[in-house]
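The values are calculated or read from the model by the stated rules, or taken from the named source; none is laboratory data. All of these numbers come straight from a predicted model, not from anything done at the bench. Here Cβ is always computed from backbone atoms with ideal geometry, including for glycine, and neighbour counts include all displayed protein chains. With ligands, DNA and RNA removed, areas are computed over all heavy atoms of the protein, side chains included. Shrake-Rupley method; radii C 1.70, N 1.55, O 1.52, S 1.80 Å.
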Amino acid sequence: MMHPRFGQINYEDAGQGAVLVLLHGFPFHSGIFQEQISILSQQFRVIAIDFPGAGSSALLSHPDMSMELLAEWVKAVLDQEHIAQVVLVGHSMGGYVAMAFAEQYAAMLKGLLLLHSTAYADSEEKKQARIRSIQFMETHGAKLFLKQMIPDLFSSSFKRVHSDQVERVVRESQQIPADQLIAYYKAMLKRPDRSYLLRNLKIPIAFVFGKEDTSILLEQALTQVSFPADSHVHILDQTGHISMLEQPKKLHLILSHFMYYCRAET
Ligand code: MLT
């Protein structure tokens with residue numbers, strides 16, 4: 001779709017029925033959910049949105065970039081499709097956007113699933129690491145940064161057996177310009193803690209974590225899972241940050257079960 005403020009917003013829209021919205025993380029695009037889209041669209045309507053600079057979506061690297069602005073990007077697609085209620089799944093940065101969306105548009109949510117993500121703000125340590133990463137990208141460019149950073153997001157066994165898939169993810173992420181990536185990092189840095197929403201939202205909330213995730217540390221993330229009144233927690237073994245590729249069968253079961261659960265609940 002062409003949006004008056006944002007320009008081109010690209011999204012995949014497949015299947016029919018209850019709506020499942022998939023938000024990708026940094027530095028990916030909606031195609032990271034390819035397998036989930038093709039399987040889950042047999043049961044549900046699946047909408048996977050490309051954030052700025054991903055897929056054929058317009059670039060948006062101005063200083064206003066924020067999780068709130070990306071939530072408006074998501075809202076624009078739902079308005080375009082006249083969709084009133086969805087189950088929202090956010091992978092990592094997509095989960096931070098999902099929390100910003102929930103803050104503004106809680107009534108549109110039938111369920112929320114944080115996939116390798118968190119409602120908390122960055123820890124002090126993570127903030128420092130992000131600042132170092134921004135400096136690295138400014139000095140050495142984004143391509144080298146991505147080549148070094150992405151393999152560490154996968155479990156050690158996946159990296160060993162599926163190096164072709166890891167390399168493909170690196171190559172695809174390298175399509176996104178450095179300015180755009182830096183804008184995302186700055187936006188993530190300034191996002192607030194939204195864990196209070198986990199207590200306030202009156203909907204089922206699910207969490208999926210990987211035991212080998214180096215980006216969302218299990219012990220820190222687990223402290224929020226008791227906040228929702230209706231909380232569903234999945235902790236995957238031999239999984240890093242990208243269960244969509246590392247554990248597609250398990251993730252399919254988790255997502256489709258959660259969809260049915262949310263529909264039955266509301
Ligand atoms: C992501 O996958 O979106 C990133 O790991 C998020 C982050 O850097 O916090």
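If r is the Cβ-Cβ distance from GLU124 to ASP237 and R0 is 30 Å, what FRET efficiency results, to the nearest 0.05? The computed FRET efficiency comes out at 0.55. Global size of the range 90-205: 16.2, 46 Å for Rg and Dmax (C-alpha atoms, Rg to one decimal, Dmax whole).
Based on DSSP, what percent of beta bridges with both residues in the range 1-118 are antiparallel, to the nearest 5?
On the way: 6 of 21 bridges.
For the range 1-118, the DSSP antiparallel bridge percentage is about 30.
Given in Å, the Rg to one decimal and the Dmax to the nearest whole number for the Cα atoms of the range 212-266 are 12.7, 35. Overall size of the chain from C-alpha positions, given as principal axis extents largest first: 51, 44, 34 Å.
Residues considered: HIS24, HIS62, HIS116. Largest GNM mean-square fluctuation over the chain, using C-alpha springs under 10 Å, is found at HIS62.
Candidates LEU197, SER66, ILE47 compared by Cα position along the dipole of the chain: farthest toward the positive end lies LEU197, with charges placed on Cβ. Can you give me the % of accessible surface on the chain that is carbon or sulfur? Probe 1.4 Å, all protein chains present, nothing else counted. Summing carbon and sulfur atoms, their accessible area is 50 percent of the total for the chain. Using only side-chain charges placed at the Cβ, +1 for Lys and Arg and -1 for Asp and Glu, the dipole size of the chain relative to its Cα centre rounds to 140 debye.
Kirkwood Rh over alpha-carbon pairs of the range 1-133, then Stokes-Einstein at 25 °C and 0.890 mPa s: what D in µm² s⁻¹, rounded to an integer?
Numbers: Rh = 15.0 Å.
For these conditions, the coefficient is 163 µm²/s.
With every protein chain present, what is the per residue accessible area of the chain (1.4 Å probe, Å²)?
Numbers: 11340 Å² over 266 residues.
Spelled out: the 1.4 Å probe surface of the chain, per residue, equals 43 Å².
Across the range 30-89, the convex hull enclosing all Cα atoms gives 100 Å³ per residue. In Å, what Kirkwood hydrodynamic radius results for the range 118-266 from the alpha-carbon pair distances? Result for the range 118-266 stands at 17.1 Å. The sum of -39500 (n - 2.57) across all DSSP H runs of n ≥ 4, divided by the residue count of the chain, sets its helix-only mean residue ellipticity at 222 nm to -13000 deg cm²/dmol.
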